[in-house]
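Comments concern the structure below.
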Amino acid sequence: MANDMKILITGGQVVDPGRWSGVADVLIEEGKIGAVEPNLRQKLQEGNALKIIDAKGLLVCPGFVDLHVHFREPGFEHKETIATGSAAAVAGGFTSVCCMPNTQPVNDSRSVTEFILAQASAAGKARVFPIGAITKGSQGEELAEIGELFDAGCVAVSDDGSPVMNSLVMRRAMEYATAFHLPVVDHCEDSQLAPGGCMHEGAVSTELGIPGIPKAVEEVMVARNIALAELTGARLHLPHVSTVGSVRMAREAKARGVPVTAEACPHHFSLTDEAVRSFDANAKMNPPLRTDEDVQAIKEGLQDNTIDIVATDHAPHAVQEKQLEFDAAPFGIIGLETAFPLTLNLVEEGILTLEQAIAKLTREPARVFDLSYGTLAPGAAADVTLIDPTATWVVDPTRLHSLSRNTPFAGWTMKGKIVKTFVGGVVVYDREETL
């Protein structure tokens, strides 16, 4: 993706964490960031080759980076495709996304990885980075060819959705991945501890008569994975942290120097298990919505950088699948287009500064997976997101860009709206064109 025309984004509040925070102009030339500084417009010769975009009153940030999405292709195109998922991503301000391997076939080979990359290129929206499977078929038994996956373009390995229950297999995976400096992402769930569980195990599940998933289901595996990372020196990334205990263990591991990073999803710091009282399957996800105590722990973890990043765990399902009875419906919600406003709520609450919130969506996820994005540094790819931080909008699932509609935030009033998204200097989303 490249564009020869020079573009000058003028007068916006530029937030490039660790580099710039304040009013400035951003020059894009040949698909890259040319400069970020005040009053650039006065220094440049205006002409046919310079397009001016007035960003007064807007935030100008690096394009967001999401380390955890499910785009369902190949195999489950009735839920989402790489094209529709990428469209949802750029509408949410995300210019780089990392897609989990639980497709059909599973992304455990070069051919599937290359197919995903080709589909993403054809879609021409967000940059899509495949995550390869840890084990063949994500069966948890025999290691996938991690070196081949790395060579084909995978940026991490995971059996997300299928925890690697065998600890020896996980140890070997960590040792293998370390040879390529690849992060290992394990869905932290002891699948034998709460078979049939549908929501957080607690007072609400007891009242509703819904089989529960105790916090220990996650915490047992977080503890094991941290111990194995300490043993092997592997880079461990903990996805969708949802409990007090998981946050505490991640904090303690970091203090000991274990190479561990962690993510939180907006739904886990925005909702509790009280949302399940409606029996709406759009409030069913894994890990499940927890208690207020857990929500507070996640916010504290974000605040003190125990939790490095915000990721969506965007998990689309067809409408009819989510219309099943609560216990029969699949886990997961879509989240790309609601992630920023829900994260902005943490700024309104005083949990994070605006720069910290933007960092957890840009610089930090890029750091965790060694991606050269999430920055407005001169010479970097011109992946830029323009946001109206004061605009309010009501979540209407039928107007979202995902192929699926499974959001628990339908009808919510959100503050913060993406105005334009650039990838490689090309406008891939323009709010005015979608109104």
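Structural remarks
- Residues in the range 166-203 that are among the hydrophobic types (A, V, I, L, M, F, W, C), crowded, with 16+ Cβ neighbours inside 10 Å and within 24 Å of the chain's Cα centre (by Cα): Met170, Ala173, Met174, Ala177, Leu182, Val184, Val185, Cys188, Cys198, Met199.
- Every pair of residues 6+ apart whose Cβ atoms lie under 9 Å, when the first sits in the range 111-139 and is at positive phi while the second is in a helix (DSSP H, G or I) and modelled with pLDDT of 95 or more: Gly124/Ala83; Gly124/Ser86
- From the list Leu361, Leu400, Leu324, Leu386, the one residue that fits, being in the same structural domain as Lys125 (by TED's automatic domain parsing) and over 13 Å from the mean Cα position of the chain (by Cα), is Leu324.
- For Ala250, the criteria (1) in a helix (DSSP H, G or I); (2) out of contact with any strand residue (DSSP E or B) (no Cβ under 6 Å at 6 or more places or on another chain) hold in every case but one, which is (2).
- Top-ranked residue in the range 7-31 [being surrounded by fewer than 18 Cβ atoms within 10 Å (Cβ to Cβ) and of a type in the set (D, E, K, R); ranked as nearest to Arg363 (Cα to Cα)]: Arg19
- The range 122-180, residues that are over 15 Å from Met221 (Cβ atoms), of a type in the set (Asp, Glu) and not in a helix (DSSP H, G or I): Glu141, Glu142, Glu145
- Lys79 being of a type in the set (D, E, K, R) and either farther than 26 Å from Ala311 by Cβ or surrounded by fewer than 24 Cβ atoms within 10 Å (Cβ to Cβ) (or both): no
- For the range 281-299, residues that are part of a loop (DSSP other than H, G, I, E, B), surrounded by fewer than 23 Cβ atoms within 10 Å (Cβ to Cβ) and touching a helix residue (DSSP H, G or I) at 6+ places or on another chain (Cβ under 7 Å) total 1.
- Residue within the range 259-267 that is touching a helix residue (DSSP H, G or I) at 6+ places or on another chain (Cβ under 9 Å), assigned to a loop (DSSP other than H, G, I, E, B) and more than 18 Å from Ile333 (Cβ to Cβ) present: yes
- Strands (runs of 3 or more DSSP E) within the range 11-112 that include 2 or more residues of a type in the set (S, T, N, Q): 94-99
- Residue ID - nearest to Gly257 (Cα to Cα), chosen from residues in the range 204-239 that are among the polar types (S, T, N, Q) and either at pLDDT below 95 or in contact with a strand residue (DSSP E or B) (Cβ under 8 Å, 6 or more places away or on another chain) (or both): Asn225
- Which listed residue, of Ala227, Ala234, is crowded, with 24+ Cβ neighbours inside 10 Å, outside any strand (DSSP E or B) and out of contact with any His (no Cβ under 7 Å at 6 or more places or on another chain): Ala234
- Flag if Ala229 is among the aliphatic types (A, V, I, L, M) and over 22 Å from His70 (Cβ atoms): yes
- Lone qualifier among Glu207, Glu145, Glu175 - being among the acidic types (Asp, Glu), in contact with a Lys or Arg (Cβ under 9 Å, 6 or more places away or on another chain) and under 21 Å from His237 (Cβ atoms): Glu145
- Annotation note: Cβ proximity below 6 Å between a residue of the range 266-291 that is more than 18 Å from Ala216 (Cβ to Cβ) and of a type in the set (D, E, K, R) and a residue that is assigned to a loop (DSSP other than H, G, I, E, B) and modelled with pLDDT of 95 or more (sequence gap 6+ or interchain) occurs for Lys284/Ala329; Lys284/Phe331.
- Search result, residues across the range 380-407 that are aliphatic (A, V, I, L, M) and either closer than 14 Å to Val419 by Cα or in contact with a strand residue (DSSP E or B) (Cβ under 9 Å, 6 or more places away or on another chain) (or both): Ala380, Ala381, Ala382, Val384, Leu386, Ile387, Ala391, Val394, Val395
- Restricting Asp308, Asp304 to those that are within 24 Å of Gly92 (Cα to Cα) and of a type in the set (D, E, K, R) reduces the list to Asp308.
The values are calculated or read from the model by the stated rules, or taken from the named source; none is laboratory data. Since we're looking at a predicted model, the values are computed, not measured. With ideal geometry, Cβ positions are generated from the backbone for all residues, glycine too; neighbour counts draw on all protein chains shown.
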